[in-house]
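These notes concern the structure reproduced below.
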Amino acid sequence: MANTYSWLISGVETNPAVGDLTDVVRLVHWRRQVTDGTNTTDIYGAENIELNLSEKFTSFSDLTPAIIEGWLEEALGADKISALNSTLDQKLADVVNPPVVNKPLPWELVI
């Protein structure tokens with residue numbers, strides 16, 4: 001099965017007022033997650049969101065995950081998202097086949 005990637009929006013920071021606008025999102029806290037259908041891992045980040053007054057403003061109460069994910073993808077850009085996905089692929093491969101394993105000592109520890 002191919003790896004599947006998704007966004008998990010864990011929070012946003014807002015400016016209470018920007019001109020006549022209220023609760024303007026300025027920072028998105030996110031997790032990028034990958035799964036192979038059996039194993040899952042993720043990475044965490046935060047990204048600044050620039051207010052674009054030439055676009056229609058979306059009020060805070062009307063925000064959806066899809067809207068915020070769109071802003072996030074625009075802010076990060078395709079190259080950064082591709083790099084995140086590559087990092088996730090490696091993390092997932094390390095879950096499946098760990099490069100380092102803690103082993104118990106081959107003798108009884110006496111304290």
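Within straight-line reach of residue 56, meaning a Cα separation under 30 Å, sit the following lysines at least 8 residues removed in sequence or on another chain: 80. Note on the chain: GNM, Cα springs under 10 Å; of 67, 43, 81, the largest mean-square fluctuation is that of 67. When the chain is described by a simple charge dipole with +1 on each Lys and Arg Cβ and -1 on each Asp and Glu Cβ, the residue from 9, 41, 29 located farthest towards its positive end is 41. What shape does segment 2-47 have by the C-alpha gyration tensor, where a ≥ b ≥ c are the square roots of the eigenvalues, rounded means a/c under 1.5, and otherwise prolate means a/b greater than b/c and oblate the rest? Prolate shape, in that a/c is at least 1.5 and a/b is the bigger ratio. Per-residue ellipticity at 222 nm, computed for the chain from helices alone with -39500 (n - 2.57) per DSSP H run of at least four residues, works out to -9000 deg cm²/dmol. With r defined as the distance between the Cβ atoms of residue 96 and residue 10 and R0 fixed at 25 Å, what FRET efficiency is calculated, to the nearest 0.05? E between residue 96 and residue 10, to the nearest 0.05, is 0.50. Once the Cα atoms are used to define both axes, helix 65-76 deviates from the longest principal axis of the chain by about 80 degrees. For the chain, the longest principal axis of the alpha carbon atoms and the long axis of helix 78-96 meet at an angle near 30°.
Of the residues 5, 44, the one with the fewest other Cβ atoms within 10 Å heads the list, and the complete ranking is 44, 5.
Taking a straight line from the alpha carbon of residue 91, these aspartates and glutamates sit under 18 Å away, with near neighbours fewer than eight places off in the same chain left out: 36, 42.
Once you charge only the Cβ atoms, +1 for Lys and Arg and -1 for Asp and Glu, what is the size of the charge dipole of the chain about its Cα centre, to the nearest 20 debye?
That gives the chain a dipole magnitude of about 340 debye.
Each value in this text was obtained by applying a stated rule to the coordinates, not by laboratory testing. What you see is a predicted model, and the numbers here were worked out from it, not measured in a lab. Note: ideal-geometry Cβ built from the backbone for every residue, glycine included; neighbour counts use all protein chains shown.
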